[in-house]
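Structure first, then comments.
The values are calculated or read from the model by the stated rules, or taken from the named source; none is laboratory data. This one's a predicted model, so the numbers in the text were calculated from it and none came from an experiment. Reconstructed Cβ throughout: ideal geometry from the backbone, glycine too, with neighbour counts over all protein chains shown. Surface accessibility is based on the protein's heavy atoms, side chains included, excluding ligands, DNA and RNA. Shrake-Rupley method; radii C 1.70, N 1.55, O 1.52, S 1.80 Å.
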Amino acid sequence: MTDWIENIRAFVEQPEPRFLCSGIGGFREENKKFVARVNNYLHRPPSNEEIKRLKSTTEEPLPEDFLEFYSRFNGITLYQDSLLNTSGFAAVGIYIAPVSDWERLQEEFQAWLELMSDEDDDSDWFENALVFGEVPNSGNYFFLSLSGSKKGKIIYFSHDGLEFEEYASRFAEFLNKITLNPAKVLYDLGCYTRYTDGNTDTQWIPESYASGDDPI
């Protein structure tokens, strides 16, 4: 197995992942901290049908590192809260979708696309880009560019300002980046992921990350 994939698997398998958080809103004591327990997991290996769909999704060939990852794991969920919030769902930091969910992501992004003017459309790469991930419940998405000047690069779309940011030069670099400093990553992506203590309406914002016996 390629080293970068082994590194991702080792990260996901680290025991007791958690964030030290500070709170906003709700009833709370000033400067109080909360430790949010989270879960990370790789999705099950794809079926033969999903692998076939993966390779036929686009006319442009997919990068080797992207294909290698998806042929083994079919996606990854990072920093999922262990508790349900008041809306009845568990917050998730980053969701790299299985092949079967790409169409949903594309349809959701299409709604934002309709708000953009022609001047916002960088057609050099945009027309052959694949939406493969998101920051859940934010309206922000990750793209893989398949042609043009940004071919092979990972692009982050923020609905706030309808902006595209070149996030990583390749998929392997992208996975390393989103696991290197989790609290900073979530903040830099827009600070959309808020955790719950299960008892109050306080929204808990990650400040630092640890796993196992590491101090937080």
Trypsin sites (Lys or Arg not before Pro) within the stretch 29-61: DSSP coil, no more than 12 neighbouring Cβ in 10 Å: Lys32
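Per residue, how much accessible area does the chain show when a 1.4 Å probe rolls over the protein heavy atoms, in square angstrom?
Working: 11200 Å² over 216 residues.
Computed with neighbouring chains in place, this is 52 Å² per residue.
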Amide hydrogen neighbours beyond the local backbone of Ala90, cut-off 5 Å, H modeled: Asn85
For the stretch 131-181 and the stretch 1-17, distance of Cα centres in Å: 21 Å
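With runs of 4+ DSSP H residues as the only contributors, calculate the mean residue ellipticity of the chain at 222 nm using -39,500 (n - 2.57) per run, divided by the residue total and rounded to the nearest 500. Write down the numbers at each step before the final one.
On the way: 6 runs with 57 residues, N = 216.
Estimated from H runs of four or more residues: -7500 deg cm²/dmol.
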J(HN,Hα) series, the stretch 65-80, from Karplus relation 6.51 cos²θ - 1.76 cosθ + 1.60, nearest Hz, glycine and proline x: 5, 5, 5, 4, 4, 5, 6, 9, 10, 6, x, 7, 10, 10, 6, 7
Loop-located GluC sites (Glu not before Pro) in the stretch 1-101 whose Cβ has at most 10 other Cβ within 10 Å (DSSP): Glu29, Glu30, Glu59
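For the stretch 151-216, what is the Kirkwood hydrodynamic radius in Å, using each pair of distinct C-alpha atoms? Spell out each step's value before the answer.
Values: mean 1/r = 0.0717 Å⁻¹.
Result for the stretch 151-216 stands at 13.9 Å.
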Reference-scaled alpha-carbon Rg (2.2 N^0.38 Å with N residues) for the stretch 1-113: 1.34
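Considering only DSSP states other than H, G, I, E and B, which chymotrypsin sites (Phe, Trp or Tyr not before Pro) in the stretch 1-90 qualify as loop sites with at most 15 other Cβ atoms within 10 Å? Display every interim value, and only then the final one.
Details: sites: Trp4, Phe11, Phe19, Phe27, Phe34, Tyr41, Phe66, Phe69, Tyr70, Phe73, Tyr79, Phe89; in loops: Phe27, Phe73, Phe89.
Answer in residue order: Phe27, Phe89.
Less than 13 Å Cβ to Cβ from Asp81, Lys/Arg counted +1 and Asp/Glu -1: what total charge do the surrounding residues give? Let's see the in-between values first.
Working: positive: Arg18, Arg37, Arg194; negative: Asp197.
Cβ neighbours under 13 Å give a net charge of +2.
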Cα-based equivalent ellipsoid, the chain: semi-axes from gyration tensor eigenvalues, Å: 30, 21, 15
Distance between the stretch 183-210 and the stretch 31-71 - C-alpha centres, whole angstrom: 23 Å
Carbon plus sulfur fraction of accessible area for the stretch 21-113, probe 1.4 Å, in percent: 51 percent
Charged-residue dipole, Cβ positions (Lys, Arg, Asp, Glu), the stretch 107-216 about Cα centre, Debye nearest 20: 540 debye
